[in-house]
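Since the structure comes first, as structure tokens, the remarks are kept for the end.
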Amino acid sequence: MSEFHAPARREYQVSASVLEEIKREKKVFENPIKPLDFDVRVPLQSLAEEGRLSLFPNISRVSVGMATCGRVAGAQSITRALSERDWENQACVVSVGCLGACYAEPLVDIRSPEGRHYFYGRVDNRSLWSIIRTAQGAPSAQHLWAVAQERQTGVLRGIHDLELIKLENTSFGEFFHPQVRRISGRCGLIDPQNLTEYAAMGGYRALEKALFKLKPRKIIDIIVAAGLRGRGGAGFSTGEKWDITSRSPDPMRIVVANADEGDPGAYMDRALLESDPHGVLEGLIIAAYSVGASQGYIFVRHEYPLAVQVLRKAIASARKVGLLGHNIMGSSFSLEIGVVESAGAFVCGEETSMLQVMENKRGEPRLRPPYPAAQGLQDHPTLINNVETLANIPWILLNGVDAFQELGTTKSPGTKIFCLAGDVERMGFIELPLGTNTKVLVEEIGGASEQSVKALHIGGPSGGIVPYSGFSLDYESVAATGAIMGSGGLVALGTNSCMVDMARHLINFMVQESCGKCVFCRDGLPELEAMLRALCIGQAHEGILEDIEELSRAIAEMALCGLGQTATNSVLTTLKNFLPEYQAHVRGKCPAVHCKPLIDFEINLTYCRDCRACYLVCPSGAVKIRSGKERFIVDQQLCTKCWACYETCPFDCIKITSEEFMWKN
Amino acid sequence: MEELIEIIVDRHNMLVERNIFLLQALSDRGIAIPSLCFNASLGAYGSCGLCIVETCKDDVWLPRHACLVRPEAGLQIRTASPRIQRLRAHAARLLLKRGPFLKKEVEALLLTLVKEGTDSMEPSRLAGSLEGSGENHISLDKRGCLLCGLCVRICRKIGKCQLTFLGRGKSLRVGLVSGDSATVACGSCRACRHICPTGFITPDARQAFTARLYR
Amino acid sequence: MSGYIDQLWEQLPANERQVVNILNKLQTENGFVSRDLLIELADRAGVPESQLHGLVSFFNTYRTSPAGKHRIRICYGTACYAQGASLINDRLVEELKLDGSDTSPDGFVTVEQVYCVGACSQAPVIIQDEEIKNRIKSYQVPLLLDDLRKKV
């Protein structure tokens, strides 16, 4: 395999003679304002300078978080209101991605010309005026959440170049304090559609270094030495995968970025693609260069339309300035990247299933070995890496192996992006060194109290559910608890969550997503689901727990692909860690007072004030009014356990029980 | 002459070709492993889950599909054990729910496997689940098809490529895509009918496979 | 042959002509993937038609028949189900002669089941186009359909 040894040119200047030729041929310079209609290689320096003008203008820069989380929270109307305003050249409005504090959306950041950033969270019509005031140069303290200053004005490579100088909303500070946002540092600060801003923040410098200062073999050695592990879930050594692909006798290699993030509750890849797409692209191009690939693809979920749009635009703008296509940056390396959109199937996140779809076939996983790195797309060696894994590459090349390994553990170096959801105060996507304790994530950043969290669900439907305790978040330690790190999605389950119902819910998901090829997964999982449902409705048969465990193990042992093999993790971990809950269900009780057929609603008349709210709101007419002492009573035959009475009663008179277990808020 | 390597099956040494599926190697030497979805010329598929054997790696015995194992020198294999019987019993029981099957041998095979697996553990355990957990969601016109995929694969290999799997997961079914023009219509070669292990494709594919994506 | 697929094909860069990309376009633009276009696509992509049938049915996104002019989604969450959601469904099937499809033969209404709209205190709930209607009884179905027809 030939190394790229053609003399590389760093900057491509259009020489006078060439200009003369072009002038004669294309009459391009007739109207000097007309844009060139062919692609030009623009030096990184020029891109960075243009980006600086955009990032650090000498007027106020108002950035509104417009990633999917922001939009759902209502950021579009905020952006519209701010954009349509006549600022009289005092301010400009930009749509940025997500800072990571998704609970705080819509989030607005106003940058003053002196490099001071004013953050407003949960923006609504009332805070709009404070934002306008601040943008006009008279910072308003009302509704303000935090103020930060660029440590060096005009230097911003990521959120860590900001120093907090004033904190009005302590919760906001608690969210960010323990984080180390190495990979996600630009998210929420940079306009994802603006390549020049990315260049101004140091973007594409790693690619430059890779193409002109390092050989592909050297780059692979660096990644192997760094010990980077796949962030998609398997945690396989990234450098090793690159090595296998690069050593194949087949000269035609392909790289694919896996953006089919299917775990419900995990959205770090979406966040990276929507907020900082060039970071991922740069990693992908470096990967392609290192393994000698000439074709690149990004396989992205259909359910991420904004990410697809942002990606397509990023690829087009990279191509326009010579960062993609022929002779990237003047080197002898060429690469084209195509975007392939999936159409709704969780199993397509599995590497071989994805390859099948890219070959226009049904997404049924292939038998492995051979692995895609040896034989993948059209049987060519195909390197498939997760989006977050690729986003780590430029950082490692620019900062070095030692710096990368400063954080994390020996076996799991570096940082990881976690998505925190569930019974916590503050949800979002959070970047922490691997090896951080769960308490930091759930209690310090998430804001939950130790007593309120019963269990942690880690790793999506393939993951496990473990009792909440403090342990290290690295691949080995999480595996030791019985769960798997997976893609980093973490759901905190409160004291009112039923573990049996949770397991049933996750198995139901896997039943719907199974490809159907092998009997254990296709027909075994529905049987398992039926047994779990029987538990939840109080119709357990004798020996059901043993049957559930037996079948779960059988499916895990004999399923053909990762989906089936990990589908029963939720059942096996909850059986092991929460056996008493299962046993209670066998006897027809739900300790979490959750499963509807096993709970009863009663009205405790001690504090009743006769407001009749329960009677009026009950959809099934189960609440009856009687004369005498038992004024309001629930007819158990009619009650559908919809919780409406509980939610409506202002005096907390509704008592929900499951035999001896009582529901507590 | 193809290279031969030595493997150990049930403590007996055996010489087998390198590039062969274990299931076939064993069957060629008279060791019958139950299987319904394997065909020598169509290759391994892994759907029926019956051909389970155990292989030893690092002193640990793991259950594997025999049709997916490629022999390596020194590989140790067990063709019978309580675990193998239990796992085959699960697969057989799940497949039985897709019955009844026209070919009685299939029904008999599956029932035998279930009984063998049940005898090796307390009868009460599998008794409840043998009846299924109540509902059988498989519609009547699809009963008798194992979803082994042999018909789809052979039609793709030597036929007009008219058969395909439709849907996914528990609603998986085989459909016949009848072409509009004469050149792509089913050629009535009956290959699918001959290769079907359960006799489902009777009298022909058109009448057996009623699932359609477009009506 | 309409040439529509050819048009789409030519518009796409060579490395983005995967069948899923084109099917996604068809689904977004027309609301479903018609058999005619599927046959054209099979021809252009050089794959057997049956392979595309298999692919289309594999995914959640694709419809193979146009959705009706109106859309009625019945909430099948537990509260609504217990309050007779299935009775409403049965009545709709009867009135619209659904017979296995989710859309009435005249293309007027598509009936779907969805899971928990979150308005449990108003059970049973249906969503007619974008409007949530509460406490529906199965005997109200014919009147409901009548009103829809008069709407135009």
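A residue that is without any contact (Cβ under 8 Å) to a residue 40 or more places away in the chain and either assigned to a helix (DSSP H, G or I) or closer than 21 Å to A:Q405 by Cα (or both) occurs nowhere in segment A:453-464. Screening C:I5 with (1) facing chain A (nearest Cβ under 9 Å); (2) part of a helix (DSSP H, G or I); (3) β-branched (V, I, T) gives one miss only, at (1).
When C:L38, C:L23 are checked against the criterion of being at the interface with chain A (Cβ under 9 Å from one of its Cβ atoms), in a helix (DSSP H, G or I), within 20 Å of B:L166 (Cβ to Cβ) and in contact with a helix residue (DSSP H, G or I) (Cβ under 9 Å, 6 or more places away or on another chain), a single residue qualifies: C:L23.
Looking across segment A:59-85, the residues that are under 23 Å from the mean Cα position of the chain (by Cα), more than 23 Å from A:P139 (Cβ to Cβ) and part of a helix (DSSP H, G or I) come down to A:T68, A:C69, A:R71, A:V72, A:A73, A:Q76.
When segment C:33-51 is filtered for residues that are closer than 22 Å to B:L172 by Cβ and either surrounded by fewer than 17 Cβ atoms within 10 Å (Cβ to Cβ) or under 19 Å from the mean Cα position of the chain (by Cα) (or both), the ones remaining, listed by number, are C:V33, C:R35, C:L38.
Scanning segment A:285-311 for residues that are assigned to a helix (DSSP H, G or I), out of contact with any helix residue (DSSP H, G or I) (no Cβ under 6 Å at 6 or more places or on another chain) and over 27 Å from A:I219 (Cβ atoms) yields A:P305, A:V308, A:Q309. Here the condition is being surrounded by fewer than 22 Cβ atoms within 10 Å (Cβ to Cβ) and either charged (D, E, K, R) or not assigned by TED's automatic domain parsing to the domain that holds A:I656 (or both); of A:N577, A:N604, it holds for A:N577 alone.
The residue pairs whose first member lies in segment A:40-63 and is under 26 Å from A:I132 (Cβ atoms), whose second member is in a strand (DSSP E or B) and among the hydroxyl-bearing types (S, T, Y), and whose beta carbons are closer than 9 Å, counting only pairs six or more residues apart or on different chains, are A:S63/A:S95. Of all the criteria given as (1) among the polar types (S, T, N, Q); (2) crowded, with 16+ Cβ neighbours inside 10 Å; (3) more than 10 Å from chain A (Cβ to nearest Cβ); (4) more than 16 Å from B:L113 (Cα to Cα), the one not satisfied by B:S41 is (2).
Residues in segment A:484-532 that are assigned to a helix (DSSP H, G or I) and among the charged types (D, E, K, R): A:D501, A:R504, A:E513, A:R522, A:D523, A:E527, A:E529. Checked against (1) out of contact with any helix residue (DSSP H, G or I) (no Cβ under 9 Å at 6 or more places or on another chain); (2) modelled with pLDDT of 90 or more; (3) not in a loop (DSSP other than H, G, I, E, B), A:V94 meets all criteria but (1). Would you please name the residue that is nearest to A:V72 (Cα to Cα), looking only at residues in segment A:102-142 that are buried (at least 20 other Cβ atoms within 10 Å of the Cβ) and free of Cβ contacts under 8 Å to residues at least 24 places away in the same chain? Of everything passing the filter in segment A:102-142, A:S127 is nearest to A:V72 (Cα to Cα). Scanning segment A:509-525 for residues that are buried (at least 23 other Cβ atoms within 10 Å of the Cβ), aliphatic (A, V, I, L, M) and facing chain B (nearest Cβ under 7 Å) yields one hit, A:V519. In segment C:41-93, the qualifying residues are those that are aliphatic (A, V, I, L, M) and in a loop (DSSP other than H, G, I, E, B), and the one that is farthest from the other protein chains (Cβ to nearest Cβ) is C:A67. Determine whether A:Q451 is more than 15 Å from A:T574 (Cβ to Cβ) and outside the structural domain of A:N569 (by TED's automatic domain parsing). So A:Q451 passes the test.
Kindly indicate whether any position in segment A:388-401 is within 22 Å of A:L228 (Cα to Cα), of a type in the set (F, W, Y) and not assigned by TED's automatic domain parsing to the domain that holds A:V478. Yes, there is a match, as at least one residue in segment A:388-401 is within 22 Å of A:L228 (Cα to Cα), of a type in the set (F, W, Y) and not assigned by TED's automatic domain parsing to the domain that holds A:V478. State all residues of segment A:551-574 that are under 16 Å from B:L87 (Cβ atoms) and either crowded, with 19+ Cβ neighbours inside 10 Å or within 29 Å of the chain's Cα centre (by Cα) (or both); if no residue qualifies, say none. Answer for segment A:551-574, where residues must be under 16 Å from B:L87 (Cβ atoms) and either crowded, with 19+ Cβ neighbours inside 10 Å or within 29 Å of the chain's Cα centre (by Cα) (or both): A:L551, A:S552, A:A554, A:I555, A:A556, A:M558, A:A559, A:L560, A:G564, A:Q565, A:T568. Scanning segment A:445-452 finds one or more residues that are in a helix (DSSP H, G or I), at pLDDT 95 or above and under 20 Å from the mean Cα position of the chain (by Cα). Within segment A:583-594, count every residue that is buried (at least 22 other Cβ atoms within 10 Å of the Cβ) and under 32 Å from the mean Cα position of the chain (by Cα). Residues flagged as buried (at least 22 other Cβ atoms within 10 Å of the Cβ) and under 32 Å from the mean Cα position of the chain (by Cα) within segment A:583-594 amount to 1. Being surrounded by 24 or more Cβ atoms within 10 Å (Cβ to Cβ), modelled with pLDDT under 95, away from every other protein chain (no Cβ under 14 Å) and closer than 17 Å to A:N569 by Cα is the requirement here; does A:G428 meet it? Spelling it out, it is not the case that A:G428 is surrounded by 24 or more Cβ atoms within 10 Å (Cβ to Cβ), modelled with pLDDT under 95, away from every other protein chain (no Cβ under 14 Å) and closer than 17 Å to A:N569 by Cα. Here B:M121 meets each of (1) of a type in the set (A, V, I, L, M, F, W, C); (2) modelled with pLDDT under 70; (3) part of a helix (DSSP H, G or I) with one exception, condition (3). Residue count for segment A:214-242 satisfying the condition of being under 24 Å from A:F333 (Cα atoms), of a type in the set (A, V, I, L, M, F, W, C) and in contact (Cβ under 8 Å) with a residue 60 or more places away in the chain: 6. The listed residues are B:L50, B:L102, B:L36, and the only one of them that is part of a loop (DSSP other than H, G, I, E, B) and away from every other protein chain (no Cβ under 14 Å) turns out to be B:L102. For segment A:600-620, the set of residues classified as outside any helix (DSSP H, G or I) and either over 23 Å from A:S658 (Cα atoms) or more than 14 Å from every other protein chain (Cβ to nearest Cβ) (or both) consists of A:D600, A:E602, A:I603, A:N604, A:C608, A:R609, A:D610, A:C611, A:R612, listed by residue number.
The values are calculated or read from the model by the stated rules, or taken from the named source; none is laboratory data. Only a predicted model underlies this, so the values are computations on that prediction, with no experimental measurement involved. Ideal geometry is used to build each Cβ from the backbone, glycine not excepted, and the neighbour counts take in all protein chains shown.
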